[in-house]
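Novice: Quick one: this structure, given as structure tokens, is what I'll be asking you about.
The values are calculated or read from the model by the stated rules, or taken from the named source; none is laboratory data. Treat the numbers as computed from the prediction; the structure is a model and nothing was measured. Cβ coordinates were reconstructed from backbone atoms using ideal geometry, including for glycine residues, and neighbour counts include every protein chain displayed. Heavy atoms of the whole protein, side chains included, go into the accessibility calculation; ligands, DNA and RNA do not. Shrake-Rupley method; radii C 1.70, N 1.55, O 1.52, S 1.80 Å.
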Amino acid sequence: MRLLARLAREQRGNVLALAAIMLTVTIVIAGSSVDTARLYLVKVRLQQACDSGVLAGRRFMVDDGNANLDSNASTQATNFFNNNFKTGWLGTSSVAFTPSKTSSNRVAGTASAVVPMTLTKIIGMPSQTINVTCEARY
């Protein structure tokens, strides 16, 4: 508090200190904007990939009365998901997709990805995990 009061009174040489403070604030604001936009892009793309995966899984699903999703439908769902969301896109890691069969003969899916922070990493913001769910019916 004393430092700020002294800077307010003294006008000589305080441009450097004020510029350093404002630069820090600017980096935090710009960093949070960039990282928020990246999180939004990853979430939208992850949701699209999850939707395409469960749609493909439902298309190839065999209605055999079994409670589990058959292997062909599961493979097709996973392939469609992987073709629509590549690991490493915008720095993502730990990408996972799990298709399953619901009790109402639908295909549901959950997908997740870990997104590392870029500029807000400077202020200690940890990596964020994005989770989405999706479901398809015939």
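Novice: Identify which of A37, A73, A17 has the largest mean-square fluctuation in a Gaussian network model of the chain, with springs joining Cα atoms closer than 10 Å.
Specialist: Of the options given, A17 has the highest mean-square fluctuation.
Novice: To continue, here is another question. Measuring with a 1.4 Å probe in the full set of protein chains, what accessible area per residue, in whole Å², belongs to segment 1-63? Mind showing how you got there, number by number?
Specialist: Details: 4520 Å² over 63 residues.
Heavy-atom accessible area per residue stands at 72 Å².
Novice: Moving to a separate point now. Taking 8 Å as the Cα distance limit and 6 or more residues as the minimum spacing, I'd like the relative contact order of segment 7-138 as a percentage. Let's see the in-between values first.
Specialist: Working: 208 pairs, mean separation 36.9, N = 132.
Dividing the mean separation by the residue count of segment 7-138 yields 28 percent.
Novice: Moving to a separate point now. For the chain, what does the helix formula give at 222 nm: sum of -39500 (n - 2.57) over DSSP H segments with n ≥ 4, over the residue count, nearest 500 deg cm²/dmol? Please report the intermediate quantities before stating the final value.
Specialist: Details: 3 runs with 68 residues, N = 138.
Rounded to the nearest 500, the figure is -17500 deg cm²/dmol.
Novice: Same structure, new question: Under the definition of Cα pairs under 8 Å and six or more residues apart, what whole-number percent is the relative contact order of segment 87-138?
Specialist: 34 percent
Novice: For the pair L90 and I123, how long in nm is the line joining their label points, each one 7 Å along Cα→Cβ?
Specialist: Taking the two extended label points, one gets 2.0 nm.
Novice: Quick one: with all protein chains in place, what share of the accessible area of segment 65-133 is carbon or sulfur, to the nearest percent (1.4 Å probe)? All intermediate terms of the calculation are to be shown ahead of the outcome.
Specialist: Values: 1930 of 3800 Å².
That share works out to 51 percent.
Novice: Using a 10 Å Cβ count of at most 14 others and DSSP loop calls, identify the longest part of the chain lacking such trypsin sites (Lys or Arg not before Pro). Walk me through the numbers on the way to the answer.
Specialist: Numbers: sites that count: R12, K86, R137.
With trypsin sites (Lys or Arg not before Pro) excluded where exposed in loops, the chain gives 13-85 as its longest stretch.
Novice: Oh, and also: Hey, what angle do you get for helix 15-60 against the long axis of the chain, alpha-carbon based, 0 to 90 degrees rounded to 10?
Specialist: 0 degrees
Novice: Another question, then. Taking all pairs of distinct Cα atoms, average 1/r, flip it, and tell me the Kirkwood hydrodynamic radius of the chain in Å to one decimal place. Before the final figure, lay out the partial values.
Specialist: Working: mean 1/r = 0.0562 Å⁻¹.
After inverting the pairwise mean of 1/r, the radius is 17.8 Å.
Novice: If you place +1 on the Cβ of every Lys and Arg and -1 on the Cβ of every Asp and Glu, how big does the dipole about the Cα centre of segment 1-97 come out, in debye to the nearest 20?
Specialist: Numbers: 10 positive and 6 negative charges, 169 e Å.
It works out to roughly 820 debye.
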